[in-house]
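Asker: Below are the C-alpha cells for one structure; questions will follow.
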Amino acid sequence: MRVRKAIFPAAGRGTRFLPATKTLPKEMLPLIDKPLIHYGIEEALASGIKSIIIITCRGKSAIEDYFDVSYELEMLLQEREKTDLLQRVREISELVEISYVRQKSPLGVGHAIYIAKELVGEEPFAVLFADDIIQASVPCIKQLIMAAEKLKSPVLAIQQVRKEETSKYGIIQGEKIADRLYRITDMVEKPSPEEAPSDLAVVGRYVLTPELFPLLEKTLPDKSGEIQITDGLRLLTQQVPIYGYQFEGTRFDAGSKCGMLKAIVKLALEHPEVGVEFKEYLKSLRL
Ligand code: G1P
C-alpha cells in the first residue's frame, strides 16, 4: 500500500474567522509568513506524497493564485534584487503539481472528499485539514502512512481531549490493541460529553482507501445539511478494519481563534528571523 495522493478539503466557509474570511479563504490565513495550507502541503511532501488535490469553491481563488507562478511579482523582486525573497516565492510554485476540484454546494467535508474520487482512482490516499497544524519530528501524516502500510488498512490520527471538548470533534469508540493504536469499532461526530463513547478525538489527518467513496455516496447529510466524513467512516468500520493512531507531536487547532494564537506564539518563538525579539517582547509583558 503506497500513499501518493493527498486531498485537502478547502471549501468550508471559515465562519469562526469572520469577518477576515469574508474575502480571505480560511486556508490562506497567515501563520507568521505562510498561509495555513502551505504548512499542510509541506507536511504532505515531507511524508512522500507526490500529488495534491485541493477541493475549493467560489471565493477561494487566492489558494490557486498562491501556488501558481506570479510573473509580475517575480519580475519586481528581480528588478529590486531581492534574491532571497524571489527564491522563496518561486519555490512555492515549484513545490508540487496541484489539481483543483470545485465543490459547487456547501455539502460538507464528506462530499468534498467524494468529489475527488476520479482523481484519486483505485489507490489509498491521505486527507489533511489545513487548519490542523501539527508539529512533530516525524510528520503526522507520515506516521499514519507508516501505520497504514503495516496494517494494510485505513488509519486516522487521534488524540485525547478533555471530556467537555468532545462536541468539537469526531469521537471514536475503540479497543486499544498496541501502543498508540486502537481498532475503531464506531465513531460519532461531535457528541456531547454524556454521549461521547470515549475521549479520543479524530484530528484532521487520515489515510483512507477507495472503499470509502461508495459509502460517502450513500451517506446522508446531517442536521446541518452537511455530509460528514465521520458518518462515511462509520459505515467503513462495518466493512473493513480501521484504526486510530495516537500520533506523536503537538497539534494546534488553527481553525479556532485561541488555537491560532497558540500556534502563532509557538512558531514565532522558533522563527529564525523574529524568534529572539519576540521572546524578549513576551518577557517584557511580565505575564
Ligand atoms: C472536522 C471533522 C471532525 C474532526 C475535526 C478535526 O470537524 O468533522 O470529525 O474531529 O475536523 O479537526 P470541523 O473541525 O471541520 O468542524
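Bear in mind these aren't lab numbers, they're just calculated from the coordinates by the rules spelled out. This structure is a prediction, so every number in the text was calculated from the model and none was measured. As a convention, Cβ positions derive from the backbone with ideal geometry for all residues, glycine included, and neighbour counts pool all protein chains shown.
Asker: HN-Hα J couplings of the range 216-226 from phi, Karplus 6.51/-1.76/1.60, θ = phi - 60°, integer Hz, Gly and Pro as x?
Answerer: My calculation for the range 216-226 gives 5, 4, 8, 6, 8, x, 7, 4, 7, x, 9 Hz in order.
Asker: Let me ask something else. Given a Förster distance of 30 angstrom, what is the FRET efficiency for A136 paired with S105, based on the Cβ-Cβ distance and rounded to 0.05?
Answerer: Details: r = 35 Å, r/R0 = 1.16.
Using R0 = 30 Å, I get an efficiency of 0.30.
Asker: Just to check I understand the Karplus step: with θ = phi - 60° and J = 6.51 cos²θ - 1.76 cosθ + 1.60, what whole-Hz values come out for the range 106-115, glycine and proline as x?
Answerer: x, 9, x, 5, x, 5, 4, 5, 4, 6
Asker: Where does each of 89-100, 74-85, 8-19 land if you order them by average Cβ count within 10 Å, highest first? Walk me through the intermediate numbers first.
Answerer: On the way: 89-100: 13.7, 74-85: 11.9, 8-19: 18.4.
Result, highest mean Cβ count within 10 Å first: 8-19, 89-100, 74-85.
Asker: Rounded, prolate or oblate: which one fits the range 131-172, using the alpha carbon gyration tensor with axes a ≥ b ≥ c (rounded when a/c is under 1.5, else prolate when a/b beats b/c, else oblate)?
Answerer: Numbers: a/c = 2.96, a/b = 1.58, b/c = 1.88.
Since a/c reaches 1.5 but b/c is at least a/b, the shape of the range 131-172 is classed as oblate.
Asker: Continuing with this model, one more query. Exceeding 20 Å between C-alpha atoms, which entries from my cross-link table qualify? They are K50/K82; K190/K262; K60/K104; K168/K257; K117/K142; K190/K223. Don't skip to the answer; put the middle values down first.
Answerer: Numbers: K50/K82 30 Å; K190/K262 23 Å; K60/K104 12 Å; K168/K257 14 Å; K117/K142 22 Å; K190/K223 12 Å.
Exceeds cut-off: K50/K82; K190/K262; K117/K142.
Asker: With each pseudo-label sitting 7 Å past Cα toward Cβ, what's the E248-V265 distance in nm, one decimal?
Answerer: 2.6 nm
Asker: Enumerate the whole-percent occupancy of each 5 Å bin, from 0 to the last occupied one, for all C-alpha pair distances of the chain.
Answerer: 1, 5, 11, 15, 18, 18, 13, 8, 5, 3, 1, 0, 0
Asker: Going by Cα centres, the range 14-38 and the range 75-101 are how many Å apart?
Answerer: Between the Cα centre of the range 14-38 and that of the range 75-101, the gap is 20 Å.
Asker: Post the alpha-carbon centroid distance, the range 128-156 to the range 182-211, in whole angstrom.
Answerer: After rounding, the separation between the Cα centres reads 15 Å.
Asker: For G174, enumerate residues with amide H under 5 Å from its amide H, sequence gap 5+ or separate chain, H modeled in the peptide plane.
Answerer: When sequence neighbours closer than 5 places are left aside, the close amide H contacts are T185.
Asker: Taking Cα pairs under 8 Å and at least six residues apart, what relative contact order does the range 25-160 come out at, in percent? List each step's numbers first, then the result.
Answerer: Numbers: 109 pairs, mean separation 45.6, N = 136.
So the answer I get is 34 percent.
Asker: Name the residues of the range 1-36 whose amide N is less than 14 Å from a point 7 angstrom out from the Cα of E91 along the C-beta direction?
Answerer: The answer is 33-35, whose backbone nitrogens lie closer than 14 Å to the label point.
Asker: When a/c reaches 1.5 or more, the comparison of a/b and b/c decides; with that in mind, is the range 20-95 rounded, prolate or oblate per its Cα gyration tensor? Before the final figure, lay out each step's value.
Answerer: Working: a/c = 1.88, a/b = 1.29, b/c = 1.45.
Since a/c reaches 1.5 but b/c is at least a/b, the shape of the range 20-95 is classed as oblate.
Asker: What does DSSP give for the chain in terms of the percent of beta bridges that are antiparallel, rounded to the nearest 5?
Answerer: 60 percent
Asker: For the range 58-63, take each phi angle, set θ = phi - 60°, evaluate the Karplus expression 6.51 cos²θ - 1.76 cosθ + 1.60, and give the result in whole Hz per residue in order, putting x for glycine and proline.
Answerer: Going residue by residue, I get 3, x, 10, 5, 4, 5 Hz, with x marking Gly and Pro.
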